[in-house]
Amino acid sequence: MSFGKHPAPLTTLAHFTDTHLLAGGGLLGGSIDTDARLVESLDRLRETVRGQEAPLAALIVSGDITDLAEPEAYARALQLLDTAADELGAQLIVTPGNHDERPPMAEHLLGLEASEAPLDAVHDLGGLRVISLDSTLPGYHHGGFDQGQAEWLREQLRMPAPLGTVIVMHHPPVPYRTDVMRLLEFVDDDELADIVRDTDVRLILAGHLHVVGGGTCGGVPVSVAGAISYVDDLTVSPESMRGIDDAQAFSLVEVYAETITHWSVQSRAYEGTSPLPSSLLAKLASMPDDERREAFSRKSPA
């Protein structure tokens, strides 16, 4: 049932990023339990999608899955992510980040032959095309197109998909607020903008910055999800950086025929007010469509 003018979304994507898992349950920076952060985030995802009308089509992780590219950390990521995706009936889609390395990720997470080749892939989610674009450059933390990737992407986008295309990459192709992170940006953003402009690309999903944010690239919206591991404190001067073990989040991406929305979901439980009573929701659901808005939206007389 839809209470407003818009129908339920056609499909839903969960966008995680920057999990930074370590082998043996090691603590990131000596203090952050990234394994526990991922476990609780997946539990929050289960709560978030429970009972929703649109199916969860994919669990997407846009890079920095591990912190040191350890095989054991990739095996743990696979265990947690694959189990959750299978339980939720979703496809698992991953792309590397600058803290990942292609050979161990290919072998221990994707079940592929260990290789330095870009880990690019195309996924069909019931007519929605999702392209996981490996934005990493071996030996560096900044991102860009590796040899042949730009041409490969142009070819993939030559024919439109029924519900359009979403690109998943680690490095956001937008200007960064933090100065030192601009040294680790996606340097080929102009070329990417030229490739996606006037195509069926509807949204670009990215991570890397450990904050919720966004922008545009070639007229296409860019959605940056909050990190699962830790968050960059933007109250610090743009000249500096500080991570905090709080306010972690993931994104819920809802695909409609005419638009795509994205919502930030707190990946940790916080104390809050009570939800709306079920009796009120049941009463609204029982009303005719033309009475429901009037009953709930009309302000009481002063």
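Summary of the geometry: region 230-252 and region 1-39, compared by the centres of their Cα atoms, lie 15 Å apart. Computed over every Cα-Cα pair of region 1-94 and binned at 5 Å starting from 0, the pair-distance distribution P(r) comes out as 3, 13, 23, 21, 15, 10, 7, 4, 2, 1 percent.
Hey, any idea what Rg/Rh is for region 36-171, computing Rh the Kirkwood way over Cα pairs? Answer for region 36-171: 0.97. In terms of its alpha-carbon gyration tensor, region 129-195 comes out prolate; a/c meets the 1.5 threshold, and the first ratio a/b outweighs b/c.
Here the label points at S279 and V180, each 7 Å from Cα along the C-beta direction, are separated by 5.6 nm in the simple model. Considering every alpha-carbon pair of region 234-279, the percent of pairs per 10 Å bin, from zero through the bin containing the longest distance, is 18, 27, 35, 17, 3, 0. Between the alpha-carbon centres of region 53-109 and region 270-297 there is a gap of 38 Å. Length, then width, then depth: along the principal axes, the Cα atoms of region 212-258 run 39, 22, 13 Å.
From its DSSP helices (H runs of at least four residues, each -39,500 (n - 2.57)), the chain gives a residue-normalised ellipticity at 222 nm of -7500 deg cm²/dmol. Shape class for region 198-302, computed from the alpha carbon gyration tensor (a ≥ b ≥ c): oblate, with a/c not under 1.5 and a/b at or below b/c. Each of D134, D189 has its accessible area taken with a 1.4 Å probe; listed largest first, they run D189, D134. Only Cα sites of region 74-147 enter the Debye sum here, all with the same form factor; the resulting log10 I(q)/I(0) across q = 0.25, 0.27 1/Å is -1.22, -1.29, listed in q order.
The mean sequence distance of close C-alpha pairs (under 8 Å, at least 6 residues apart), as a share of the length of the chain, puts its relative contact order at 19 percent. Structural size metrics of region 103-254, computed from C-alpha coordinates, are Rg and Dmax of 15.8, 45 Å.
With only the Cα atoms considered, the chain has a convex hull volume of 164 Å³ per residue. Measuring gaps between exposed loop sites in the chain (GluC sites (Glu not before Pro); DSSP loop; at most 12 other Cβ atoms within 10 Å), the longest gap, sites not included, is 117-238.
The DSSP beta bridges internal to the chain are antiparallel in roughly 55% of cases.
The values are calculated or read from the model by the stated rules, or taken from the named source; none is laboratory data. The shown structure was predicted, so the numbers you read here are calculated from the model rather than taken from an experiment. All Cβ positions, even for glycine, are placed from backbone atoms using ideal geometry, and neighbour counts span all protein chains on display. Accessible surface areas use protein heavy atoms only, side chains included; no ligands, DNA or RNA. Shrake-Rupley method; radii C 1.70, N 1.55, O 1.52, S 1.80 Å.
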